[in-house]
Amino acid sequence: MLRRNDVQARVHGKDVLPMGGDYTAQVMLGGIREFLEKTEPRLLGNRPRPGCDSNPAPASRGELKQVVPARPPGLCTGCPERPIFAAMKLVQEELGQHHISADIGCHLFSILPPFNIGATTMGLA
């Protein structure tokens, strides 16, 4: 399309990104960094000197526990699933217990208080 319209732009893609595999955040960051290094290195600003470790070793769990507060498992305050779980709880009060299978993820939090409605878990395994 570019050539047909006489647009002389250089196209990048598989020269900075892998041919296959997941485009994870790290892969994308690396690809964008490589693209900018090739095309506009000044946009990268200050970078570590060659040979410096720009990615220090990850903190141990013990170190993280000192600075990151514990977060108990549960649904987020504004979770759109809450009304659904509340409605299911009301149906159970009216019709009796149901066997409810929760999926991996937020749905699994339905087994915790205040809902207590999950019976089994299915999903990724």
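The values are calculated or read from the model by the stated rules, or taken from the named source; none is laboratory data. Note that the structure is a prediction, hence the values are computed from the model and not measured. So basically every Cβ, Gly included, is an ideal-geometry build from the backbone, and we count neighbours across all protein chains shown.
Here HIS107 clears all of (1) of a type outside the set (Lys, Arg); (2) in contact with a Phe, Trp or Tyr (Cβ under 7 Å, 6 or more places away or on another chain); (3) at pLDDT below 85; (4) assigned to a helix (DSSP H, G or I) except the condition numbered (2). Within the stretch 77-97, the set of residues being part of a loop (DSSP other than H, G, I, E, B), at pLDDT 80 or above and loosely packed, with under 11 Cβ neighbours inside 10 Å comprises GLY78, PRO80, GLY96, GLN97. In a residue-by-residue description of the stretch 97-104, the property of being charged (D, E, K, R) and either in contact with a strand residue (DSSP E or B) (Cβ under 7 Å, 6 or more places away or on another chain) or closer than 23 Å to THR121 by Cβ (or both) applies to at least one position.
Checked against the criterion of being of a type outside the set (A, V, I, L, M, F, W, C), modelled with pLDDT of 85 or more, assigned to a helix (DSSP H, G or I) and surrounded by 10 or more Cβ atoms within 10 Å (Cβ to Cβ), the stretch 110-122 has no qualifying residue. In the stretch 26-49, the residue that is modelled with the lowest pLDDT out of those that are more than 12 Å from HIS12 (Cα to Cα), surrounded by 11 or more Cβ atoms within 10 Å (Cβ to Cβ) and among the hydrophobic types (A, V, I, L, M, F, W, C) is LEU44.
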